[in-house]
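First the structure, in the form of C-alpha cells, and then the observations on it.
None of the figures in this text is laboratory data; all of them are computed from the coordinates on show. Small disclaimer: the values here were computed from a predicted structure and weren't measured. As a convention, Cβ positions derive from the backbone with ideal geometry for all residues, glycine included, and neighbour counts pool all protein chains shown.
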C-alpha cells in the first residue's frame, strides 16, 4: 500500500477516540455529541504560520488573535477575534491516526462532479464541510460544521492527524475584521451503530442544518436548457410548455416551466454568450414582455420559472463596481459585480423584486461561486484553495463565507415567496435559505456518459440532502435524439421515484407516444411526497445500480 496516499494504522476509529457522550440542549430541539477539544491550533497570520498557545481550557492566543471554543446547544462553537491581525485561516488539529480499515465519504464545496464515493482516506484530499467515517465493525461517525458558517471549513486527514481548516480569507487575502467577532464555525459530531450508512448520513445532515427551507409541495417540471442550450425564444418556451403540460393533466400539484439562460440581452463585448447578460432585467429580441410570458405559461397549465446570473455587470458599469481580474475571471469580456458593495446588493435585490413583479414562482440562481472566486468547485479541491491569492474585494472586513452569506440572504429577502433554486451555489451556505439546490454538475442532452457521471453519482451520494438541507435537484433528463432512450428512461425513473425534484428537457423530435406516456407516469410520481431514494450498493459502486425506491428494490443498468 502506498504510504503517501493511504493512512496506515490499526486501532480505534476517529469516532471512538474523539466523540464522547451525546449532548442535548434542553428546550432547543438540537442535539449532538461531545467532541474532544483539539490538541493544537495553528493560524496563518500576515501570510505566516504561527502556533497559538492555550491560555485557558477553551481559549488560544497569539498576539492580538484570540480563538475561543466552547460547547453550546449540542455543538462546539469556534469564535475568532483578531482586532489588529490579518488572518487567512485557523487550523484545529487532533493528534490521532485513522485506522486502515476505515472508509470515508467526501462532499464538495458546491456541486459534486461525479467524484463522490466511500473510499480509503487519502492524505492529499480535502473534505469540504463534512465527512463520514465507517469502520470495519460498521460503526458510522460524522464530522462537520453547521450550515451558515462564517468561514469556509474543510477537513484533512494525515497519517497522524485529523485537521479542520477554517478559511477566513476575504477575496485572496486575509480578513481584516477589526474589533468585531467572527463566528467561524459550529462543529458537530455524530456516531451510531446498527444504522445503515445512508440513514446515518441523513441524521447527521439534520444536525448540521436545523432550518431546512423546503417548498410547500414537491417541485417538478420542465426546463429548455438540454435541447436549446441557450438558443431559446418565447416561441420555443411556449411550444415546449404546450407539449408537456398535458402530461401533468389532472395533477393538483402543478409542474414548473423554467426558462433557462438565453432570454436576456447580451453585452456588446460578449454578443454570443448565452450565459452572460448586460443586465438581468432586459429581455432580448427573441422574447417579449416577460410578465406576459409568465401569464401565458400559467394559462397553459404550468408554473413559470426563470434563470438568472445576478452578478453580471453591464459594459457601462464603472470599474469601481467590479471585481478585479484574476486567473479565471476576465473583466473585459465578463465583468463581475463586487458583492461587498451596497449598491451592488441593491441591484441584485432589484432583480428578484422584478421577477416577483413579473409573477415568476421560481428563480434559478446561477454562477455565484464561479463569478466571485474564478474557480469551479472541482478546481477549488485540486488547487487546494478557493481562489487565487493576492486580490481583494472593495471591502475586506468580512470573510468570504460572510460575504457569500450576505449575498444569499439579500436574494432570499428580496425574492419573497418565490422559490429559489441555487445552481453553482455553495451547498452549506445556501441550506436554510434556498428551497432547492442543484446538487451536481450538468447532466447532458448530448451524451449519456455525462449524465451517468454527473447525475447518477450525484443522486446516489447527495440525495440524502433532500429534506435535510433543501430539495436536492440532481439535474435534468436531457431527452434528445442524441441520448439513448433506454438510458434516459432509467434516469427519469430513478429521479421520479427518488423523492427529489424532477426536471425534463424534452426535444420534440425525441418525444413520441412512448416517451409521453412514461413522462406522464413520472410526473404523477414526482408530484407527490415520496421517501428519499436510497442507494443500496453505494459502498462498493460510485454509480449504484441497486436502489430502494418508494419501498421497492429497483435495479438499473447504467453501463
What is the extension gain from residue 195 to residue 252, computed as 0.36 nm multiplied by their sequence separation minus the C-alpha to C-alpha distance, in nm to one decimal? 16.9 nm
Residue 50 versus residue 101: modelled label distance in nm, points set 7 Å from Cα along the beta carbon direction: 4.4 nm
In degrees from 0 to 90, rounded to the nearest 10, what is the angle of the helix 234-244 Cα long axis to the longest principal axis of the chain? 90 degrees
Could you tell me how far the Cα centroid of the stretch 215-281 sits from the Cα centroid of the stretch 335-411, in Å? 22 Å
Separation between the residue 349 and residue 521 pseudo-spin-labels, each 7 Å from Cα along Cα→Cβ, expressed in nm? 5.0 nm
Could you work out how far the C-alpha centroid of the stretch 428-481 sits from that of the stretch 159-210, in angstrom? 23 Å
What angle, in degrees between 0 and 90 and rounded to the nearest 10, separates the Cα long axis of helix 290-300 from the longest principal axis of the Cα atoms of the chain? 70 degrees
Nearest-5 percent of antiparallel DSSP beta bridges in the chain? 75 percent
If you take every DSSP beta bridge whose two residues both sit in the stretch 220-438, what share of them, in percent to the nearest 5, is antiparallel? 20 percent
Return one number: the angle in degrees, 0 to 90 and rounded to the nearest 10, between the long axis of the Cα atoms of helix 342-357 and the longest principal axis of the Cα atoms of the chain. 40 degrees
If each DSSP helix of 4+ residues adds -39,500 (n - 2.57) and the sum is divided by the residues in the chain, what number results at 222 nm, nearest 500 deg cm²/dmol? -6500 deg cm²/dmol
